[in-house]
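Heads up: the structure comes next, in structure tokens.
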Amino acid sequence: MKTLILGGTREARELADIASGERGFEIVSSLAGRVRAPVLPVGEVRVGGFGGAEGLREWLAGNGIEAVVDATHPFAGGITANAAAAAAALGLPVLHVRRPGWLERDGDRWVRVPDLALAAEAAAALGKRVFLTIGRQGVAAFANSEGWFLIRAIDPPEGAVPPQHELLLARGPFSVEEEIALLIERRIDVLVTKDSGGALTEAKLSAARELGLAVVMIDRPPLPAGAEQVETVAAARDWLRARRDSAM
């Protein structure tokens with residue numbers, strides 16, 4: 001069963017590794033190409049966009065794809081919507097893999113917001129020194145903000161940035177101790193992040209809790225209506241196996 005995995009996440013790499021080693025699967029992984037040196041999954045990989053839902057539909061049809069797994073970042077709303085639309089147009093099964101979001105714990109000081117614009121407003125009301133951990137995309141939403149910003153990303157942001165800022169190019173994961181040291185050293189008042197979920201990037205939340213700092217948490221965009229969703233790689237593997245077995 002020829003399967004397209006829309007990836008760029010740890011879950012996508014793990015699923016590609018599992019499925020590529022099993023009988024009856026031909027896996028193609030697709031990366032958006034927004035990170036200059038991505039961690040590549042095993043097997044065949046394509047990099048770059050498809051040209052919207054119609055372009056993806058044509059690519060799926062032209063390459064004989066029989067199933068689609070959307071294991072992109074929880075905030076990659078555009079490709080998720082395109083995958084659902086393209087698969088529906090061709091009558092292909094599509095599964096969305098989304099790790100659970102983070103849950104607020106005792107001692108947390110979270111302010112939840114639905115988008116970047118409201119995150120910028122909330123951060124301005126909570127402190128003068130802001131730690132942005134939203135990736136390079138979206139930084140422009142803070143370009144007109146006062147105060148000082150520490151911007152951490154894998155690659156430099158494209159577009160406008162806040163007038164007063166420090167750019168820290170780094171790839172995690174980071175330990176809680178490292179995050180605490182960074183927050184103290186840069187005298188951070190408020191952390192701004194996306195509800196990406198997962199253990200690999202959770203240390204910053206533990207550090208903020210330890211130091212009593214405010215956190216602006218940006219909520220995920222919703223999945224398309226009626227989307228089939230699982231939260232784990234194991235569940236996605238079982239979904240793929242069931243479709244492979246039914247086709248054999």
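The values are calculated or read from the model by the stated rules, or taken from the named source; none is laboratory data. The shown structure was predicted, so the numbers you read here are calculated from the model rather than taken from an experiment. Virtual Cβ from ideal backbone geometry, glycine too; neighbours counted across all protein chains shown. Areas reflect the complete protein model, heavy atoms only, side chains present, ligands, DNA and RNA absent. Shrake-Rupley method; radii C 1.70, N 1.55, O 1.52, S 1.80 Å.
Per residue, how much accessible surface does segment 102-248 expose to a 1.4 Å probe? Answer in Å², no decimals. Walk me through the intermediate numbers first.
Values: 7530 Å² over 147 residues.
So segment 102-248 comes to 51 Å² accessible per residue, rounded to a whole number.
Multiplying the sequence separation of Arg186 and Ala225 by 0.36 nm and subtracting their Cα-Cα distance, what value in nm do you get? Before the final figure, lay out each step's value.
Numbers: separation 39, 0.36 × 39 = 14.04 nm, distance 4.23 nm.
Residue separation times 0.36 nm, minus the Cα-Cα distance, leaves 9.8 nm.
Which value at 222 nm does the chain reach when only helices count, each DSSP H run of 4 or more adding -39,500 (n - 2.57), with the total divided by all residues and rounded to the nearest 500 deg cm²/dmol? Can you show the working numbers first?
On the way: 7 runs with 81 residues, N = 248.
My calculation for the chain gives -10000 deg cm²/dmol from helical runs alone.
Just name one of Leu126, Ala207, Pro173: the one whose Cα is farthest towards the positive end of the charge dipole of segment 109-233 (beta-carbon charges, Lys/Arg +1, Asp/Glu -1).
Leu126
For helix 10-20, report the angle its Cα long axis makes with the longest principal axis of the Cα atoms of the chain; keep it between 0 and 90° and round to the nearest 10°.
Between helix and principal axis, roughly 20 degrees.
Could you order the peptides 206-216, 7-17, 63-73, 44-54 from most to least packed, using the average number of other C-beta atoms within 10 Å per residue? Walk me through the intermediate numbers first.
On the way: 206-216: 19.0, 7-17: 22.3, 63-73: 20.6, 44-54: 14.3.
By packing density, highest mean first, the sequence is 7-17, 63-73, 206-216, 44-54.
Under 25 Å Cα-Cα from Lys204, which lysines qualify once same-chain neighbours fewer than 8 residues away are excluded?
Within reach: Lys128, Lys194.
Nearest 20 debye, what's the magnitude of the dipole of the chain about its Cα centre given +1 on Lys and Arg Cβ and -1 on Asp and Glu Cβ? Please report the intermediate quantities before stating the final value.
On the way: 28 positive and 32 negative charges, 43 e Å.
Value, rounded to 20: 200 debye.
When you count, for each residue, the other Cβ atoms within 10 Å and take the mean per peptide, how do 163-169, 191-197 rank with the highest first? Walk me through the numbers before you get to the answer.
Values: 163-169: 13.4, 191-197: 21.7.
Ranking, from highest mean packing down: 191-197, 163-169.
Could you report the accessible area of Leu183 in Å², rounded to 10, computed with a 1.4 Å probe on the protein chains as they sit in the structure?
Probe radius 1.4 Å; accessible area of Leu183 about 10 Å².
What is the sum of charges, Lys and Arg at +1 and Asp and Glu at -1, for the other residues whose Cβ falls under 9 Å from the Cβ of Phe131?
Within the 9 Å Cβ shell, the charges total +3.
At a 1.4 Å probe, what is the % contribution of carbon and sulfur to the accessible area of the chain? Mind showing how you got there, number by number?
Values: 6070 of 11770 Å².
Ligands and nucleic acids excluded, carbon and sulfur give 52 percent.
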